[in-house]
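I have placed the structure first, in the form of structure tokens, so that the comments after it can refer back to it.
What follows is calculated from the coordinates using simple rules that are stated; it is not laboratory data. Since this is a predicted model, take the numbers as computed values, not measurements. Don't worry about glycine lacking a Cβ; one is built from the backbone with ideal geometry, like all the others, and counts go over all protein chains shown.
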Amino acid sequence: MAGIDVRDLRIAFPLYHGNARSLKKRLGRAISGRLEHDARDRVVVRALNGVSFSLRPGERLGLIGRNGAGKTTLLRALAGIYEPVEGRVTIRGRVGALLDTNLGMIGELTGRENIRLRCLFTGMAADAIAQVERDVQAFAELGAFLDLPIRTYSSGMQVRLAFGLATATRPQILLMDEWFMAGDAAFMGRARARLEGLVSGAEILVISTHQPDILATWCTRVLWMDQGHIRMDGPPDVVLPAYLGLEKAGT
Amino acid sequence: MADIDGTLAAEPVLDLTPETGLRHLWRALADVAGGCRMWRLGCTLGWLDIKLRYRGSILGPLWLTVSTAVMVAAIGSVYGALFHMELRHYLPFLSISLVLWGYVSGITSDGCQVFTRAAGLIQAARLPFTVHAIRSVVRNVLVLLHNLAVIIVVFAVFRLMPAHLLAEIPVLALWAIDSLALSLALGVLGTRFRDIPPIIGSLLQIAFFVTPIMWEPGLIVAGRQYMLLNPFYPLFEILRGPVMGEVPRLSVWIAAGGYSVVLWVVTLLLFSRLRSRLAYWV
């Protein structure tokens, strides 16, 4: 069974500001006593602090919060990209991460070549790659464009290809940043049908977005992030009004 | 999609906590193993690097061969005359040396950037970091293969046969794993300290002149044993010597093996200590 367990997660980015990210400071520290004092209190940006939650199969979690609240960092931590500075992250299941529009795609290669390259990232066998190719071809509806370099694609076409690819491999846990909203209305309908197909199994979805209406319809649970903490955790109809009310009061 | 540590288990478990003690080393070794299992990805990426770099050019990657050939011819004729060398002996030596040096300097300068260049990939999905190092090694091996043509032509022109080719197989394997270690170590350092690339650049320039590349090691008579202090010398000698028909003496082989072990120990120490921080730094 797929599952996510996060305990007291802390993620902090060291800021080696100015030229501090250099050997000079290190050498200076070794030589002079005064510099050591300066260099030691390096600035750290706390992106996440004391975050704990668990997800069971079937849950669709929405992350909400202002810019810089830690939504993308949390998604990357769940994908295993940022390993915890403190705390523990346990993920059971195959993870699919749609965190970056480009997804390691190369603009000079055709859509088909990019599909094959993407499959290599997951260590797939040749017959599985052929199956993914057919599946993505059917979903993305790119027609003849599939054999053209993807830098000739419109952004909507790129999103369809990326979305089709990330969801073609049937991950048990799907992590999503909000960029995929770039698709047109017809695409959103099909994307939703495809996503619901994924989630309907014992799968988990974690999605980050600024758009409350997406959360209200797509998610069963909402995590309100604020300055790296969890501000509120609950069903959408409880968390969303509180969040929107505060946003209104704030502006 | 990212099948966590490259395993194909039905349900992989990823358990991440801050690392301590031996877990550092364990995770680093798992990363190297995972990267090697994904060799197809590393090779494809390295090959695409070369293919895309020369897209639209008429000669394509053959430009690599042409520029090396021009360099060998130019340096060969000038230095051959300066040192009063017999070209039949000097040119084969020089072509091997220059091609190998081109590979070493490529591995070293690309090595500093293996992770910073792959920042997009590193932040998009969890992959073994070793994949990026393999990509750099593959890219440079492909360049090396293109340059091999120059050596073959030089040998053919002088109607020479390379000697002891079989002895080269284990040596090539040693070069391959050393290249991987060097890429990983320099990649980690270059990601954390952004002044590493220029420092490495100037060190390479010094190494080019103190290592017997344009001049033959036989020119040094007094103090020959001190040449072993230069790690490049024994590693070059065990690859170049047998082809030229001069099997290096035992101390050279021992030094080459010793430097390789030291390189791997340093790499594993660096990589296991800093691996989990790389995503934060790129």
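Look at where the Cα atoms of region B:73-136 and of region A:77-155 average out, and the two centres are 32 Å apart. Fully extending the segment from A:Q227 to A:S154, taken as 0.36 nm per residue of separation minus the present Cα-Cα distance, adds 22.8 nm. Using the Cβ-Cβ distance between B:L269 and B:A222 with R0 set to 56 Å, the FRET efficiency works out to roughly 0.90.
The calculated FRET efficiency for A:L244 paired with A:R46, based on their beta-carbon distance and R0 = 25 Å, is about 0.45. Here the simple spin-label model places points 7 Å from the Cα toward Cβ, and for A:N67 and B:L59 these points are separated by 4.9 nm.
Provide the three semi-axes, in whole Å and in decreasing order, of the ellipsoid equivalent to region B:51-172 as defined by the square roots of 5 times the Cα gyration tensor eigenvalues. Intermediate values should be presented prior to the final figure.
Numbers: eigenvalues 220, 56, 36 Å².
Equivalent ellipsoid of region B:51-172: 33, 17, 13 Å, largest first.
Computed over Cα pairs, the Kirkwood radius of the protein assembly as shown leads via Stokes-Einstein (1.567 mPa s, 4 °C) to a diffusion coefficient of 50 µm² per second.
The simple spin-label model puts a point 7 Å past each Cα toward its Cβ; for B:S77 and B:V13 those points are separated by 7.0 nm. The listed peptides B:127-137, B:34-44, B:57-67, ordered by packing as a protection proxy, come out as B:127-137, B:34-44, B:57-67 (highest mean of other Cβ atoms within 10 Å first).
Between the amide H of A:A2 and any residue lying 5 or more places away or on another chain, no distance stays under 5 Å, with hydrogens modeled in the peptide plane.
Averaged over A:81-94, how many beta carbons belonging to a partner chain fall within 10 Å of each residue's beta carbon? List each step's numbers first, then the result.
Details: counts 9, 7, 13, 5, 4, 2, 3, 4, 4, 5, 7, 5, 6, 9.
Counting other chains' Cβ atoms within 10 Å and averaging over A:81-94 gives 6.
Shown is the FRET efficiency for B:S202 and B:W39, computed with R0 = 30 Å from the Cβ-Cβ distance and rounded to the nearest 0.05: 0.35. For region B:23-281, the spread of Cα coordinates along the three principal axes comes to 56, 47, 35 Å, biggest extent given first.
Once Rh is set to the Kirkwood radius over Cα pairs, what Stokes-Einstein translational diffusion coefficient, in µm²/s, holds for region A:190-251 at a temperature of 37 °C and a viscosity of 0.692 mPa s?
Working: Rh = 12.8 Å.
Calculated translational D: 256 µm²/s.
For region B:141-282, the spread of Cα positions along the three principal axes, ordered from largest to smallest, is 55, 37, 27 Å. Placing dummy labels 7 Å off each Cα toward the beta-carbon, the span from B:L22 to A:E141 is 5.8 nm. Working ranking of peptides B:164-170, B:144-150 by packing, defined as the average number of other Cβ atoms within 10 Å per residue, highest first, is B:144-150, B:164-170. Helix B:250-274 axis versus longest C-alpha principal axis of chain B: approximately 30°, rounded to the nearest ten. Three principal axis extents describe the C-alpha atoms of region B:147-190; from largest down they are 45, 21, 9 Å. Calculate how many DSSP beta bridges within the protein assembly as shown are antiparallel, expressed in % of all such bridges and rounded to the nearest 5. In the protein assembly as shown, approximately 60 percent of DSSP beta bridges are antiparallel ones.
Distances between placed amide hydrogens fall under 5 Å for A:L174 paired with A:G96, A:I204, A:L205, A:V206, all partners being 5 or more residues away or on another chain.
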